[in-house]
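Bear in mind that the values in this text are calculations on the coordinates, not laboratory data. Bear in mind that the values here come from a model prediction, so they are computed numbers and not experimental data. Cβ atoms come from the backbone with ideal geometry, glycine included; neighbour counts cover every protein chain shown.
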Amino acid sequence: MSSIKNARAILILLSASDFENSTFSYNASLKIEYLEQNVSVYDTILIFLTCIVSVLATLGNLLVIYFYFFNKRLQTVNNFPLLSLSVADLIVGLYPINANTLEAVLGYWPFTNLFCEFTLVLDYLCCQSSIYHIIIISIDRYLLIKQPLKYRGDRRKYAVKLSILLLWMVSFFLWAPSITINKYAFGRSSERLCYKGFLRFDKMSIYSFDAYILITSVGLGYFIVLPVVIFIYIKIYFLIKIQNKIIPTACCYDNRYHNRILITEGSTVTLDGSKAEISNDVKLKKKQSNESVKNLKTSYLLKQKDLIRHKKSLKVIIRILLVFVITWFPYNLQMMLLPYCLNCFNRLAFDISNVLSYSNSAVNPFVYAFVSPEFRSSFYKKIKKIFRF
């Protein structure tokens, strides 16, 4: 009798579990069906754009990292900041951009609060460090032009490595505390929102503490960086301009004998002597003059080569600055204005600026690394090897 009761109990439990499983699967299918029906054309375009940015950022930065470690010629102090930048941009392309888009399409955060906090910190840490890298690269280039003899070797290597370590630390401490405070101090840990919960402009006011934290972080993270970078690039421009004037002109004069010395690449040096008789002493002077002219010509050609290299660097720097402004300015401008103008929020404008800011991680490899002949050469060699098979 007891065995019959036990059998009935087992059957009831099994039927209940079957009902729960069927209910769970039914609810899951309803959610999938609901998602399929409610993903608008707008969301589809958003997913498509972010996927393109994610793929480009991942592939481009992976190539930079791969070439750096497998080509010893690229393992220089010049390229060390590019390696650090590529690591930051690779992380952005792999995860945060996709997590942000997922929440934007679903309308809620599907994971835990702890995972949300980790995602936000990782996102803002990598994006901020990506911004700060432009300062490091700019200052490094400026010192190379300003103090080419002092700023070199181990001194430069130490300065670059220390500055990269500091920029990662500053990026972390700039955003991690504000994200944690925003999540837990304002009672938002129970909300099923992550990015949307962190940027709750509808719950901000110009006097609120979270608005103050956001504005301070954005100000230190971008709007102080931008004028600093512009100032450094202006200094670089004038340094190159001054060096262009310092380089010896094509003509110089021997004041003692009034001999005109013409210096051109690939030509001979001629001395138009005076009509006076040339003594042995004058011939010796001419020989010494020829040697000094040869040294002067060598110095001239080396400086001319450096000037051409610096001019190319200046063109690259201008492109970097334009990309930096176009990709980051719209997003950070909204971060500064929306706490003061809550009615100014527009989802289309916000999403466009958000995708633009992430696209910086996709563009950086082509702006920084692949303008280098060494990187391009490594890339072409790799492509040739792939197509051989």
Note to self: Give me a comma-separated list of calculated 3J(HN,Hα) values for segment 321-333, in order, Karplus coefficients 6.51, -1.76, 1.60 applied at θ = phi - 60°, integers in Hz, x for any Gly or Pro.
What the structure shows: 5, 4, 4, 4, 6, 5, 7, 9, 4, x, 5, 5, 5
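Which order do the peptides 368-375, 67-74, 341-348 take when ranked by the mean count of other beta-carbon atoms within 10 Å per residue, highest first?
Peptide ranking by packing, descending: 368-375, 67-74, 341-348.
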Check: Can you give the Rg and Dmax of segment 89-135 based on its C-alpha atoms, in angstrom?
Finding: 11.6, 37
Check: Karplus couplings for segment 346-357 from phi (6.51 cos²θ - 1.76 cosθ + 1.60, θ = phi - 60°), rounded to Hz, Gly and Pro as x?
Finding: 9, 4, 4, 5, 5, 5, 4, 5, 5, 5, 4, 5
Check: Direction-averaged shadow area of the convex hull around the Cα atoms of segment 75-166, nm²?
Finding: 6.9 nm²
Check: What nm distance separates the two modelled labels at Q147 and L162, each placed 7 Å from Cα along Cα→Cβ?
Finding: 1.1 nm
Margin query: Just to be sure I understand the curve: with the Debye formula and one point per C-alpha of segment 339-381, what is log10 I(q)/I(0) at q = 0.29 Å⁻¹?
Written below: -0.94
Next item on the list: For R200, list long-range residues whose amide hydrogen, built 1.01 Å from N in the peptide plane, is under 5 Å from its own amide hydrogen.
Entry: none
